[in-house]
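Novice: Take this structure first; my questions come after.
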Amino acid sequence: MSATDRGDSVDQRTDPVRLDRLTLYELVWSQPIHKLAPKFGLSDVGLGKICKRLNVPRPGRGYWVKIVHGKALKRPSLPPVKAGQPTEVTIEPRPRPATQPAGDGEIPLVVEVPEKLRKAHPLVRAAAEVLRRPAAPYYERSARQRVGHLAIRVDRRALPRALRIMDALVKALEGRGHRVEVRSDSYRHERYETVAVICGQAVKFFMREERDRVAIEPTPAEVKRAARIGSLPPQTRFDSRASGRLALEIDTYERGYRKRWADGRRQRLEQCLGAFVLGMEALGAERHARHLEWEERRRREEEEQRRAAEEAERRRIEQEKIEKLRQLTSDWREANEIRAFLAIVQERAPAAGEELRDWIAWGLRVADRLDPIATLGEGPAPSS
């Protein structure tokens, strides 16, 4: 029974810890490796090398972020033991340095939103310049955006708050090594979209203000007019009005991911920026992993095509050699048949005239030309 089976904390043990492949497999799929490794006095790289030596699969990049966000993922099964491969490992526990934190939980990402917009990001300044115009058309703030600025689709009254949130979000993304861009729409180049480039993948997002559906009852004047002209009574109409509630959304059709964070009864959008960033990173990491899988699949397909072409060329050359060999064998057989025939002619006509002797001599020369054995010394040997 292992230390974990007995309920002991591995990092409190002083004797060597022996782990078999199955136990190690269950451990690395139960918690992030950077949390598990210190319990054995190892770095995550060192524990990763042990997993590689024992052929134990590990969670890929972004796996735990997706788990935190509620995505159901399948883990690969433990592969069978290969010949000559170890089935267990003994780890000598080393004391953890006093400077290393021993916290069990990860600190959530917190993105602070300032009370006032100061030193705004250039993209936010450009968006504010357009959206603050006195006569800015609605389409500049709508989903059908035709002006190159950050995708902020809010009413003017909510614009100051939206700019502060977007400024904090863009700075947080860039602070984590990502790039935020406003680029022409990949399908409609006359329109624009806002993307964060994460792991080389463009993740589209936007901010919008939710709108409330409002009933507009007919006025008394409209009711009287309908009665006067004998028409049907006017019906209740519906319109939408700005609600002041803001939302951030990831623009994707992919399933298994949370796509929307918004103001609610118990939370404000400002409190959700960290989770929104992690959600975008999870999606970018997943797309990057799929891209790598696609590249690897394409590389394997190209390699298979190259090998198939080489094999086809090898078979073609081999077939040519076989056909050449058959031709040489046929020529050799024909040359011997000619010689045998001429020998019989000469035997039955020993006192042949000069004309017959010349014909026999010519026939022998023809046989020599056909015979591949006779011509081996006169030119290069057939290639093998």
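Novice: How long are the semi-axes of the equivalent ellipsoid of region 323-378, taking √(5λ) for every eigenvalue λ of the Cα gyration tensor, in whole Å from largest down? Working shown, then result.
Specialist: Working: eigenvalues 134, 25, 10 Å².
Those come to 26, 11, 7 Å.
Novice: Report the rotationally averaged projected area of the chain based on its alpha-carbon convex hull, in square nanometres. Let's see the in-between values first.
Specialist: Numbers: hull surface 192.7 nm².
So the Cα hull casts an average projection of 48.2 nm².
Novice: Here's another thing I want to ask about it. Taking the Cα atoms only, what angle lies between the long axis of helix 44-53 and the longest principal axis of the chain, rounded to 10 degrees?
Specialist: 30 degrees
Novice: Let me ask something else about it. For a distance above 15 Å, tell me the whole-number percent of Cα pairs in region 10-91 that qualify.
Specialist: 58 percent
Novice: So between Ile317 and Arg258, what do we pick up on full extension, going 0.36 nm a residue minus the alpha carbon distance?
Specialist: 15.4 nm
Novice: Restricting to Cα atoms and excluding each atom paired with itself, what does the Kirkwood estimate give for region 122-286 in Å?
Specialist: Evaluated over region 122-286, this radius sits at 17.8 Å.
Novice: Still on this structure: Using Cα pairs closer than 8 Å and at least 6 residues apart in sequence, work out the relative contact order for the chain, in percent.
Specialist: Working: 451 pairs, mean separation 46.0, N = 384.
Once normalised by length, the contact order is 12 percent.
Novice: Assuming R0 = 56 Å, can you tell me the calculated FRET efficiency for the pair Arg118 and Phe238, based on Cβ-Cβ distance, to the nearest 0.05?
Specialist: Efficiency at R0 = 56 Å is approximately 0.85.
Novice: Can you compute 3J(HN,Hα) from phi for each residue in region 254-265, using the Karplus curve 6.51 cos²θ - 1.76 cosθ + 1.60 with θ = phi - 60°, rounded to whole Hz and x for Gly and Pro?
Specialist: Each residue's phi maps through the Karplus curve to give 5, 8, x, 10, 6, 10, 9, 10, 8, 4, x, 6 Hz.
Novice: Can you show me the helix-derived [θ] at 222 nm for the chain, built from DSSP H runs with n ≥ 4 at -39,500 (n - 2.57) apiece and divided by the number of residues, rounded to the nearest 500.
Specialist: -14000 deg cm²/dmol
Novice: Starting from the Cα-Cα distance between Arg299 and Arg357, subtract it from 0.36 nm times their residue separation and give me the gain in nm to one decimal.
Specialist: Between Arg299 and Arg357, full extension yields an extra 13.8 nm.
Novice: Among Asp263, Asp239, Asp331, which one moves the most in a GNM of the chain with springs linking Cα atoms closer than 10 Å?
Specialist: Asp331
Novice: Here is a further query. Mind putting a number on the dipole of the chain about its Cα centre? Charges go on the C-beta only, +1 for Lys and Arg and -1 for Asp and Glu, and I need it in Debye to the nearest 20.
Specialist: Around 3200 debye, computed over the chain.
Novice: Still on this structure, I have one more. Calculate the spin-label point distance for Thr329 paired with Glu347, positioning each point 7 Å from the Cα along the beta-carbon direction, and give it in nanometres.
Specialist: Each label point lies 7 Å from its Cα, and together they span 2.7 nm.
Novice: Measuring from label point to label point, each 7 Å out along Cα→Cβ, what is the Ala289 to Val197 span in nm?
Specialist: So the label points at Ala289 and Val197 sit 2.4 nm apart.
Novice: Follow-up question, since we're still on this one. Test of understanding: ordering Lys119, Lys39, Lys321 by Cβ neighbours within 10 Å, fewest first, what list do you get? Don't jump to the answer; show the numbers that get you there.
Specialist: Values: Lys119 9, Lys39 22, Lys321 13.
So the residues, fewest neighbours to most, are Lys119, Lys321, Lys39.
Novice: Moving to a separate point now. Longer than 21 Å from Cα to Cα, which of Lys66/Lys204; Lys116/Lys259; Lys35/Lys82; Lys49/Lys82 are they? Say none if no pair is. Write down the numbers at each step before the final one.
Specialist: On the way: Lys66/Lys204 18 Å; Lys116/Lys259 27 Å; Lys35/Lys82 29 Å; Lys49/Lys82 17 Å.
Cα-Cα > 21 Å for Lys116/Lys259; Lys35/Lys82; rest within.
Novice: Taking the Cα-to-Cβ direction at Arg307 and at Asp251 and moving 7 Å from each Cα, how far apart do the two end points lie in nm?
Specialist: 4.3 nm
Novice: Mind checking the full-extension length gain between Ile216 and Asp368? Use 0.36 nm per residue of separation minus the Cα-Cα distance, one decimal, nm. If you can, show how the numbers build up before the last one.
Specialist: Values: separation 152, 0.36 × 152 = 54.72 nm, distance 11.09 nm.
This chain segment gains 43.6 nm when fully extended.
Novice: When the chain is treated as a GNM, springs tying every alpha-carbon pair under 10 Å, which of Ala215, Ala282, Ala247 comes out with the largest mean-square fluctuation?
Specialist: Comparing Ala215, Ala282, Ala247 in the GNM, the peak value goes to Ala215.
Novice: Now for a different question. Would you mind ranking Arg260, Arg266 by Cβ crowding within 10 Å, fewest neighbours first?
Specialist: Arg266, Arg260
Novice: Of the options Gly230, Leu273, Ala312, report the single residue whose Cα projects farthest towards the positive end of the charge dipole of the chain (beta-carbon charges: Lys, Arg +1; Asp, Glu -1).
Specialist: Projecting each Cα onto the dipole axis, the largest value belongs to Gly230.
Novice: With springs connecting C-alpha atoms under 10 Å apart, model the chain as a Gaussian network and identify which of Leu159, Leu150, Leu328 has the largest mean-square fluctuation.
Specialist: Looking only at Leu159, Leu150, Leu328, the largest GNM fluctuation is found for Leu328.
Values in this text are rule-based calculations from the coordinates and carry no lab data. Quick caveat: nothing in here was measured; it's all calculated off a predicted structure. Using ideal geometry, Cβ is built from the backbone for each residue, glycine included, and neighbour counts are taken over all protein chains shown.
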